[in-house]
Amino acid sequence: MKLNANFLTTMNDIQKNPYRLFFLLGVIGLFAGLAVWVLFAFYSPEYYLGKMHAHYMIGIFLLSFVIGFLMTAIPRMTASSAPARQEILWQLVPMLAAVVFGLFESQEVLFFISLAIALLVLFLFCFRRIITCRHMIPDVFPLVIVSLLSGLMGALFFIFNEPYIGGRLFYLNLVLGLCVGIGAKLIPMILRLGCSGKHGTAEMWAVGGLLTLSCFFEAFWIESYGGLLRFGVVLLVFFRHWKAHMFSGFNSSLAIGVRISALSIVIGTMGLWLFPDYRLESLHLLYISGFGLLTLMVASRVILSHGNYDLSLEFKNWFLKIPIGLIVLAALTRVSAVFIEGGYDRHLAYAALTFLIAAILWSIYFVPKLFFRRV
């Protein structure tokens, strides 16, 4: 009886805070996505696992954290009901299927079918609560809608064998749009700059539309025009909404990580525009010290605040400081690999191993806090 009571308590807690379940899945995806490069370079160079790496880093790691954040935050922002158990199950099943299919390059279509279902479920979950919200909704919600639709379109393009545009919409625009939109609300808050000011839903619709349009410019028209459009939008958001160039007193370790990630996103999008020959390097700067670092920093805030932990833990915390430094080192190592003669694959493994160590250190401190709340 006690075991059943504990199980029901745990299920109720996950229902109210689904980030606990999906953040854990994201951490597993992060470990697996990084480990494949280490194994490739040091143990089994005859097996190329680049697609599995991409599948797990974006489709499992980043998307799982996105799902956990939105399924927790959207009901609170809209004053609507917490997700039902059926909704969590409908969200979890296609993600677990993606975990399986993402292991095999030959099953890539099934991988993207799974993710298309997961994104559709997430979109419907968010959209129903946004349109039925009884009070004024946050004006960043248009970017949530646009980003999820962008990811869904990207997955569908992959399914129908159009990876050139599908990759830009799924691997880039999905996460970039969410970082721009949710970041407009969270980044000034984490940096202790107050709110980012009123920007209006029309402006956010425009931002989302222009970011998506830049992907089509790159794929079907002039690549540099798409890169310039994306960089211009991100630069505008950096100064107007994120305000990551401003300082207000002593920064926490978490805030330093957020500043670095915001700057990396700006530099990465600039690289996509100015240096098309080094597109992979610019993308990995975006992924590692941009999206990856920002994801872990926002997750840290969510875990501490929803777990009733003192936010003073964001200051002088070596389980934040060291991972931040290692993630920046991993990004620089990955970007510089192309300029080092010989041992290119080995250099990629060094970058992956550095990121993996950072993820392990972060997890040692924060993963237990996912399930043990401070009373």
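The values are calculated or read from the model by the stated rules, or taken from the named source; none is laboratory data. All values derive from a computational prediction rather than experimental measurement. Neighbour counts are summed over all protein chains in view; Cβ atoms, including those assigned to glycine, are modelled from backbone coordinates with ideal geometry.
If we scan the stretch 260-276, do we find a residue that is crowded, with 20+ Cβ neighbours inside 10 Å, touching a Gly at 6+ places or on another chain (Cβ under 7 Å), free of Cβ contacts under 8 Å to residues at least 24 places away in the same chain and in a helix (DSSP H, G or I)?
yes
Table: residues versus (1) over 30 Å from Asn161 (Cα atoms); (2) modelled with pLDDT of 90 or more; (3) surrounded by fewer than 16 Cβ atoms within 10 Å (Cβ to Cβ); (4) of a type in the set (Val, Ile, Thr).
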residue	(1), (2), (3), (4)
Ser44	no, no, yes, no
Ile60	no, yes, no, yes
Phe65	no, yes, no, no
Thr78	yes, no, no, yes
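Is there any pair linking a residue in the stretch 238-258 that is among the aromatic types (Phe, Trp, Tyr) to one that is in a helix (DSSP H, G or I), with Cβ under 7 Å and at least six apart or on different chains, and which?
Once the first residue is among the aromatic types (Phe, Trp, Tyr) and sits in the stretch 238-258, its partners that are in a helix (DSSP H, G or I) give Phe238/Ala262; Phe238/Val266; Trp242/Gly183; Trp242/Ala184; Trp242/Ile187; Trp242/Pro188; Trp242/Ala262.
Looking only at the stretch 75-89, count how many residues are closer than 11 Å to Asn17 by Cα, outside any loop (DSSP other than H, G, I, E, B) and in contact with a Lys or Arg (Cβ under 9 Å, 6 or more places away or on another chain).
Residues flagged as closer than 11 Å to Asn17 by Cα, outside any loop (DSSP other than H, G, I, E, B) and in contact with a Lys or Arg (Cβ under 9 Å, 6 or more places away or on another chain) within the stretch 75-89 amount to 1.
What number of residues in the stretch 237-296 are in contact with a Lys or Arg (Cβ under 6 Å, 6 or more places away or on another chain) and either of a type in the set (D, E, K, R) or within 26 Å of Asp139 (Cα to Cα) (or both)?
Number satisfying all stated conditions: 3.
What residue, among those in the stretch 277-309 that are more than 19 Å from the chain's Cα centre (by Cα) and charged (D, E, K, R), is surrounded by the fewest Cβ atoms within 10 Å (Cβ to Cβ)?
Asp277
Looking only at the stretch 80-100, count how many residues are within 11 Å of Phe111 (Cβ to Cβ), surrounded by fewer than 18 Cβ atoms within 10 Å (Cβ to Cβ) and in contact (Cβ under 8 Å) with a residue 40 or more places away in the chain.
Residues in the stretch 80-100 being within 11 Å of Phe111 (Cβ to Cβ), surrounded by fewer than 18 Cβ atoms within 10 Å (Cβ to Cβ) and in contact (Cβ under 8 Å) with a residue 40 or more places away in the chain: 0 in total.
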